[in-house]
1. Which number in (1) over 22 Å from Thr25 (Cβ atoms); (2) out of contact with any helix residue (DSSP H, G or I) (no Cβ under 7 Å at 6 or more places or on another chain); (3) surrounded by 16 or more Cβ atoms within 10 Å (Cβ to Cβ) marks the one condition that Gln208 misses?
2. Inspect all residues belonging to segment 125-138 and state whether any of them is at pLDDT below 90 and of a type in the set (A, V, I, L, M, F, W, C).
3. List, please: which pairs have Cβ atoms under 9 Å, are six or more places apart or on different chains, and start with a residue in segment 111-135 that is surrounded by 11 or more Cβ atoms within 10 Å (Cβ to Cβ) and end with one that is of a type in the set (Ser, Thr, Tyr) and assigned to a loop (DSSP other than H, G, I, E, B)?
4. Give me a count of the residues in segment 61-78 that are modelled with pLDDT under 90 and within 30 Å of Asn203 (Cα to Cα).
5. Give the residues of segment 23-82 that are among the hydrophobic types (A, V, I, L, M, F, W, C), at negative phi and outside any strand (DSSP E or B), sorted by residue number.
Amino acid sequence: MNKLKFLYDVVQTLRDKEVINGVATVEVKKDQTKVFYVKNEFQKNLVTMQTKASITSEVNYEGKQVKHQSTTEFTKHCPGNGMHGMRHGLFRHMNHAGGRCGSIKDKLTKLSFVLGLLNNVKAEEQEDKTILVTLEVAELPEDIKTLLQERMSHAESDHSRGHCCFMREFCSIEKGKFSFAMTVDKNYEVEKIVIAFDGAQRNEENEQHLLDIVAELQLNK
């Protein structure tokens, strides 16, 4: 199977959609205790850029517990086509990772990283004729870690406490393993995406903690 051609067809199929809807979730556990959870049931029109979202979040961090539920509807116009703005509809409270555009070196670093990931992607046909796309990364390159930490640290100052706890926990990761799995049907429609990360971190007292992050996106047809 030609991986690049397959991924191109998947992106083209998604680009041609006028409306996408589904459920996105993120769960963060620290030492097996859930510290952050968000669920977003959304519908986004990629032509009009109108988004409807029902968001539920839970935070259990530093001895404080907060639960929040809200429903929102908004229209956000972005330069370019609908795909450019699609990211705004999935996790409205979990984007805008810093306003800086970045240097040429930063852009080339990210491009090199992405090309390396593409080289390691696996695409295998399953018994039900769906295609399972997987990727595993045992260790992020140091320059990519630095870029992520810079952007997340910047974002931390601009968001709510629940978002900040997620950012703070992620920024303090020392090592870990990243995995990506995407299920695509025979018509190149994305059915499900699961991103998982498990690693270790040290706090200010130099105590080690285990951190597990799972993000899942389920798209409806």
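1. (3)
2. Yes, segment 125-138 contains at least one residue that is at pLDDT below 90 and of a type in the set (A, V, I, L, M, F, W, C).
3. Ile131/Tyr188
4. Of all residues in segment 61-78, those modelled with pLDDT under 90 come to 61-64, 76-78.
This time we only want the ones that are within 30 Å of Asn203 (Cα to Cα), so: 61-64.
Summing the residues that are modelled with pLDDT under 90 and within 30 Å of Asn203 (Cα to Cα) in segment 61-78 gives 4.
5. So in segment 23-82, the residues among the hydrophobic types (A, V, I, L, M, F, W, C) come out as 23-24, 26, 28, 35-36, 38, 42, 46-47, 49, 53, 55, 59, 66, 74, 78.
So of that shortlist, the ones also at negative phi come out as 23-24, 26, 28, 35-36, 38, 42, 46-47, 53, 55, 59, 66, 74, 78.
Those that are among the hydrophobic types (A, V, I, L, M, F, W, C), at negative phi and outside any strand (DSSP E or B): Leu46, Val47, Cys78.
The values are calculated or read from the model by the stated rules, or taken from the named source; none is laboratory data. On a predicted model such as this, the values are computed, not experimentally measured, just so you know. When we count neighbours, we look across all protein chains shown, and the Cβ atoms used for this are built from the backbone with ideal geometry, even at glycine.
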